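Notes to accompany the following structure.
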Amino acid sequence: MDTRGRLLEYLKKESGGWVSGEALSREIGVTRSAVWKNIVRLRGDGYVIDSSPGKGYSLSRTPDMLLPNEIWEGLETEVFGRGEIVYFRETDSTNARARELADQGAPEGTLVVAESQTKGRGRKGRSWFSPPGTGIYASLILRPDLSPDEAPRITFVTAISAAEALLSLTLLDVAIKWPNDILIKEKKVAGILTEISAEMDVIDYMVVGLGMNVNNPHLPHDIAERATSVLMETGGEFQRVKILREYLRRQERYYQVLRESGFGPVLGRWKELTNTIGKRVMVEMIDRRYTGVVTGVDPDGVLILQEEGGQVRRILSGDVIFV
Ligand code: BTN
């Protein structure tokens, strides 16, 4: 942990009480002037730290930001988000940044987070609405021992992790729409964009990007009909960092389940969380669309659609629209 992290840890332990500069410098093992410089930087990050000549320093407010030190505090993972967390106040796309890092050899578990994105990317070339300070925009680098055609398994792992994290913290009625949209009352609250770099039969890396609308009081007109936020559904604000930590914890756990027990248990959990099976839907693909009833998913997670005429289609990728 860096000096700022240790300073914060110490100040938080005092929960609003005063700690002298001398004690901080002694405990952390840096000069008093280094303590002061780091306090100034923490203030710049949004921490409210009072100082008084006789008493020292006191932390009176922690910002709701996705700062690495806030994510690390209480993070129950061993690899995901454990090593480097690359933090941006603003960037074009955390997936784009994570791909650059992965190309340079960044290890599995490296996390890129941003408070806002100027070119947030969605599936199928769409954009992802990414205003500052309200959502989660996070991309994780993975290097799974899978073949490229098994890559969608990681998206299922991610979808159940995001859905479970939301469910456990908000108690909302969360469901997954095939393959990986997270919905609340049939409106999208989170989406996943998985990008892959692979050779013929081996994955080099995957970047798994999660976008979640958390504290948005409202959404722009063009998406308001199909999208929602946690705040809009509950009427209350949630600490984004808590949701992110819970998501990472579950994602690491299911990633391990996938590695040790295969895709079966992951798909089993996904089926418990999905709202798509049994529904009448229209599936839109690049060059065609089909309408019918979803009768299930096969052991690889491929959607099985029975058309009105009785014909059965296996859908590998597409957009599902409930009709
Ligand atoms: C979708 O279309 O449903 C996927 C949306 C994924 C958005 C996230 S936000 C963090 C990461 N960075 C991006 O540019 N996109 C993903």
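The numbers here are math on the coordinates, done by the rules we state, and not lab data. As the structure is a computational prediction, the values presented were derived from the model and not from experiment. Positions of Cβ are backbone-derived with ideal geometry, glycine not excepted, and every protein chain shown enters the neighbour counts.
Worth a mention:
- In the chain, lysine pairs with alpha-carbon atoms under 13 angstrom apart (chain gap of 8 or more, or interchain): 5
- The long axis of helix 32-44 is offset from the longest Cα principal axis of the chain by roughly 40 degrees.
- Report note on the peptides 200-210, 298-308: ranked by the mean count of other C-beta atoms within 10 Å, highest first, their order is 200-210, 298-308.
- The mean sequence separation of alpha-carbon pairs under 8 Å and at least six residues apart, normalised by the residue count of the chain, gives a relative contact order of 13 percent.
- Projecting label points 7 angstrom from Cα along Cα→Cβ for Met285 and Ile223 puts them 2.7 nm apart.
- Using the alpha carbons alone, the radius of gyration of segment 280-322 stands to its Kirkwood radius in an Rg to Rh ratio of 0.92.
- In plain terms, the chain from Lys124 to Glu9 could stretch by 37.2 nm, reckoned as 0.36 nm per residue minus the Cα-Cα distance.
- In degrees, nearest ten, helix 152-170 long axis to first principal axis of the chain (Cα): 60 degrees
- Per-peptide average of other Cβ atoms within 10 Å, ordering 129-141, 94-106, 275-287 highest first: 129-141, 94-106, 275-287
- Modelled FRET efficiency - R0 35 Å, Ile277 with Ser116, Cβ distances, 0.05 increments: 0.45
- Cα long-axis angle, helix 94-103 against the chain (0 to 90 degrees, to the nearest 10): 90 degrees
- Residues of segment 261-277 falling in the label zone of Phe322, defined by backbone nitrogen less than 17 Å from a point 7 Å along Cα to beta-carbon, are 271-277.
- In this rough spin-label picture, where each label sits 7 Å from Cα along the Cβ direction, the Glu78-Trp36 distance is 4.5 nm.
- Each eigenvalue of the Cα gyration tensor of segment 68-273, multiplied by 5 and square-rooted, gives one semi-axis; in descending order these are 24, 19, 17 Å.
- The modelled label-to-label distance between Thr234 and Thr295, using points 7 Å beyond Cα along the C-beta direction, is 4.0 nm.
- Per-pair calculated FRET efficiency, R0 = 45 Å: Asp173 and Arg43 via Cβ, rounded to 0.05: 0.65
- By DSSP, the beta bridges lying fully in the chain are antiparallel in about 85 percent of cases.
- Relative protection proxy for 165-178, 242-255, from highest mean packing down: 242-255, 165-178 (other beta-carbon atoms within 10 angstrom).
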